[in-house]
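Visitor: Please see the structure below; I have some questions.
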Amino acid sequence: MMIYPIFSISEGSNCYLIKDKKVALIDSGINPEVVIEKINKLNIGIDFIINTHCHYDHVAGNLEIKRKTNAKILAHEIDAEAMERGDDKYILAYLFSDKSIRIDVDIKLYDKDKVSLGSSELEVIHTPGHTRGSICLYEEKSRSLFSGDVIFAFGIGRTDFPGGNSEELKKSIEKLIEFHNKYGIDKIYPGHGPLFSGDEIERVYELYF
């Protein structure tokens with residue numbers, strides 16, 4: 001298994017390509033041409049686009065990348081509803097674009113679901129707070145966590161948008177601390193900013209809670 005980070009340029013999110021027998025893209029950002037250029041260089045396709053949550057800066061590239069690769073789109077069932085409705089206020093499209101976006105989700109995800117990529121799999125951890133359907137994804141062999149906008153190296157996800165809830169976010173980060181203590185998280189791949197280690201989760205938690 002190989003992980004290829006595609007770090008944010010301008011106001012989009014970080015994206016991550018995970019290559020095994022199948023290829024997953026974690027979040028599509030707002031610059032799909034950057035992702036398409038990367039997969040062309042690597043000479044790979046994409047089987048799954050997995051959205052950590054429904055905000056525009058994480059999902060805006062979905063449709064163009066799906067059109068190019070025929071990838072399936074996956075999201076937690078709660079945020080999938082907003083994506084399929086084209087709920088601009090919940091998706092926050094108005095912050096980034098004057099265009100609405102409506103996305104059909106092929107596979108609805110739930111807590112503890114697993115997405116198989118071949119010899120590796122991604123476990124879904126439902127972590128509401130930034131949105132109601134925010135998820136993290138854990139890969140056991142590399143002990144990697146893809147945290148979306150739940151937690152960053154130097155902060156936590158905002159809770160002042162529709163669907164945000166600070167108490168739920170607090171509980172979600174506590175859930176990640178417990179998960180790290182039980183299974184171990186070596187490296188965290190966040191939705192924005194640099195990578196960091198699982199040992200840093202508690203430090204960030206204590207800064208905000």
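None of the figures in this text is laboratory data; all of them are computed from the coordinates on show. Since the structure is predicted, the reported quantities are computational estimates derived from the model, not experimental observations. Neighbour counts run over all protein chains shown; Cβ positions are idealised from the backbone, glycine included.
Visitor: Hey, any hits in the stretch 87-100 for a residue that's touching a helix residue (DSSP H, G or I) at 6+ places or on another chain (Cβ under 8 Å), among the hydrophobic types (A, V, I, L, M, F, W, C) and closer than 26 Å to Ser119 by Cα?
Guide: no
Visitor: Can you pull out every residue in the stretch 94-111 that is more than 15 Å from the chain's Cα centre (by Cα) and either on the phi > 0 side of the Ramachandran plot or surrounded by 22 or more Cβ atoms within 10 Å (Cβ to Cβ) (or both)?
Guide: Ile103, the sole residue that qualifies.
Visitor: Find the strands (runs of 3 or more DSSP E) located wholly in the stretch 133-194 whose residues include 1 or more that are acidic (Asp, Glu), and list them.
Guide: 135-139
Visitor: Mind listing just one residue for me: the one in the stretch 40-59 that is touching a helix residue (DSSP H, G or I) at 6+ places or on another chain (Cβ under 7 Å) and aliphatic (A, V, I, L, M) and, of those, farthest from Lys21 (Cα to Cα)?
Guide: Only one residue fits best here, namely Val59.
Visitor: Check the stretch 148-168 and report whether any residue there is closer than 18 Å to Tyr16 by Cα, free of Cβ contacts under 8 Å to residues at least 12 places away in the same chain and surrounded by fewer than 14 Cβ atoms within 10 Å (Cβ to Cβ).
Guide: Initially, the stretch 148-168 is screened for residues closer than 18 Å to Tyr16 by Cα, giving 148-153.
With free of Cβ contacts under 8 Å to residues at least 12 places away in the same chain added as a condition, the list becomes none.
Looking through the stretch 148-168, none of the residues is closer than 18 Å to Tyr16 by Cα, free of Cβ contacts under 8 Å to residues at least 12 places away in the same chain and surrounded by fewer than 14 Cβ atoms within 10 Å (Cβ to Cβ).
Visitor: When you scan the stretch 84-93, do you find a residue that is more than 23 Å from Pro190 (Cβ to Cβ), free of Cβ contacts under 8 Å to residues at least 60 places away in the same chain and touching a Gly at 6+ places or on another chain (Cβ under 8 Å), even just one? Working first, answer last.
Guide: Here is the first cut: in the stretch 84-93, the residues more than 23 Å from Pro190 (Cβ to Cβ) are 84-89.
Next cut, free of Cβ contacts under 8 Å to residues at least 60 places away in the same chain only: 84-88.
Cutting the leftovers down to touching a Gly at 6+ places or on another chain (Cβ under 8 Å) gives us none.
No: zero hits.
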